């Protein structure tokens with residue numbers, strides 16, 4: 001296998017030191033130009049969209065199902081993730097890590113927590129929808145109990161996600177390569193069998209954090225779709241449409257990156273040989289799919305806005321109220337204030353009249 005000489009340890013495509021080196025300067029230049037722009041766009045859209053989701057949710061004042069609670073937690077996790085993107089943009093633009101070692105560990109861990117938390121929450125949503133739609137006779141008692149302990153359930157999900165991500169916190173470090181270049185990457189050199197340990201970490205994270213929740217979702221949504229096709233209930237169809245869209249977008253974003261991570265672990269364990277063009281393609285593929293995986297932070301608010309009628313109604317209500325407040329202070333006119341309040345009251349009545357017993361996501 002060929003030796004890869006680049007400023008980063010690409011953590012997985014190791015090669016023998018005796019062979020001819022494989023130069024990847026073009027890849028480093030690509031990252032330096034591409035990442036800051038991509039991350040700036042994701043940061044702006046993701047932060048704005050998820051803040052609006054939380055504001056709209058709080059304005060709505062109450063969650064009608066555990067699905068609403070899980071989606072709110074996903075928005076919080078996405079905000080935490082996008083707040084790390086400016087640091088990674090600086091990292092790739094400067095071509096080295098300029099922050100402290102603790103920041104390296106913390107920022108890597110936040111991404112891992114976001115990913116694990118999102119997958120677990122999506123699995124929980126699938127279970128909640130399965131019980132509500134397929135196991136109708138048991139759903140009332142189960143879902144009422146879950147709503148009573150919603151804070152405890154949310155805390156358990158976050159703690160479990162943090163435990164899964166503890167390995168990321170432990171092994172990611174800020175260290176020097178080539179005597180002068182600081183990087184923030186996993187470092188397994190202190191272990192007895194670094195390759196086996198790397199492979200084990202990747203397998204555990206991908207299996208527990210991705211494939212097991214994926215299997216749960218496949219099982220639940222298979223029976224949900226089957227039940228809905230038999231029931232022909234339009235209200236349930238609307239509710240499940242948003243959830244299926246969220247799950248589909250998340251999987252489209254995350255599946256390619258996790259498959260390549262698994263491939264990286266296998267290549268690393270068996271040291272499969274390839275020429276420079278294959279290595280270069282591996283690096284580009286893994287890197288681009290990782291950037292694309294961040295994009296799911298931007299997509300969920302768009303799904304709620306374009307698919308979820310209830311979310312769209314409440315979001316428009318907030319915008320109208322803000323407009324009325326601004327209009328009141330600018331005009332300072334009692335008549336305009338009264339008309340604004342009357343208009344707001346009318347729109348509020350329309351929203352609540354149409355609400356019925358539906359979920360926030362419908």
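Since every read-out is calculated from the coordinates, none of them should be taken as a lab result. Quantities reported herein were computed from a predicted structural model and do not represent experimental measurements. Please note: Cβ atoms are built from the backbone with ideal geometry, for glycine as well, and neighbour counts cover all protein chains shown.
Neighbouring Cβ atoms within 10 Å as the yardstick, rank 290, 179, 26 fewest first.
179, 26, 290
Which ordering of 78, 68 is given by a fewest-first count of other beta-carbon atoms within 10 Å?
Numbers: 78 27, 68 21.
Lowest to highest Cβ neighbour count: 68, 78.
Give the relative contact order (percent, whole number) for region 133-213; include only Cα pairs under 8 Å separated by 6+ residues. Numbers along the way, then the final one.
On the way: 32 pairs, mean separation 13.3, N = 81.
Reported relative contact order: 16 percent.
Assuming a ≥ b ≥ c are the square roots of the Cα gyration tensor eigenvalues, decide whether region 75-192 counts as rounded (a/c under 1.5), prolate (otherwise, with a/b larger than b/c) or oblate. Before the final figure, lay out each step's value.
Details: a/c = 3.78, a/b = 2.74, b/c = 1.38.
Verdict is prolate for region 75-192.
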